[in-house]
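These notes are about the structure you will find just below.
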């Protein structure tokens, strides 16, 4: 299986299965000399891990990260950083009933058609469990971006199912299980999620991610555009079905006189471009919006087929997130940070000697 590595100079290779002994990643290309400890990474993993509220899967994983290489005397050496997260609470028996059938909306059918074999335990390689190593790698990228450029990458949920969630203040985001920037809507969200779980159904979500403190000039024209690489990475996140940069699909109804961000001696007046023009950063905040589909593993019986093509009825039991979007915010932040770290190194390699005027 190819396609498990993200990045050109800051490279992250992800490995493992949902119910295997462990999952993890190798981060290659992190510059040397940065202080890095397991706690630096653990604080981000704790934001994503399961079992943190009644609204997410009750699989109890501590997600304790182990650094196996790339660190000497507390600092990065420039060599590959290997990160390991052991699986301790997998219940493979929950998936026995669906080992020969395909869950509607899940990757089961496509995996079997491609490889001729699939690991049904928790979705195997297609499981959102594999986003934990992404968050671990993103913690390294976030730390480096902050220390080298003063860049902050953060996100929040702006919609849960049919419920829009207004943005009030960043200070509220870490204080509720929904990453909501509006504390007054949390009670409504909890009621909605409790009903959703009782119904055995699932819901989608919308996630917003912002990178602030960006310099201008990162990215490449044409195929390696900064926004294209961001979209590519975000579409690699489980359950993402849409990515917007800046105004996104709202650009359709805007006129050019509105959408084009005017520039003054004091800077841009608006940011409909989302911080990227011609595939290159403008120095404005990078703004990304993600559409997360409803979880495919639900208790409601759905029509499907078995391996022989016979009609069957599929019901998925076990421990699942009624809305995978609830834990998606730190993952989306990590993906954005990884892409930005990669483009920072690529820009430095080609244009580090460019004299900037004005």
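Where a number appears in this text, it was derived from the coordinates with a stated rule and is not lab data. In this text, all values refer to a predicted model and were calculated from it rather than measured experimentally. Don't worry about glycine lacking a Cβ; one is built from the backbone with ideal geometry, like all the others, and counts go over all protein chains shown.
Between segment 26-47 and segment 229-284, the alpha-carbon centres lie 29 Å apart. Arranged from fewest to most other beta-carbon atoms within 10 Å of their beta carbon, 178, 268, 167, 72 become 72, 167, 268, 178. In the chain, the calculated helix contribution to ellipticity at 222 nm averages -7500 deg cm²/dmol per residue, counting -39,500 (n - 2.57) for every DSSP H run with n ≥ 4. Taking the number of Cβ atoms within 10 Å of each Cβ as an exposure proxy, the fewest-first ranking of 38, 171 is 171, 38.
The order of 306, 28, 63, going from fewest to most other C-beta atoms within 10 Å of their C-beta, is 306, 28, 63. Note on residue 259 and residue 38: the model spin-label points, each 7 Å out from Cα along the C-beta direction, lie 5.0 nm apart. Under the criterion of Cα pairs below 8 Å and six or more residues apart, the relative contact order for the chain equals 22 percent.
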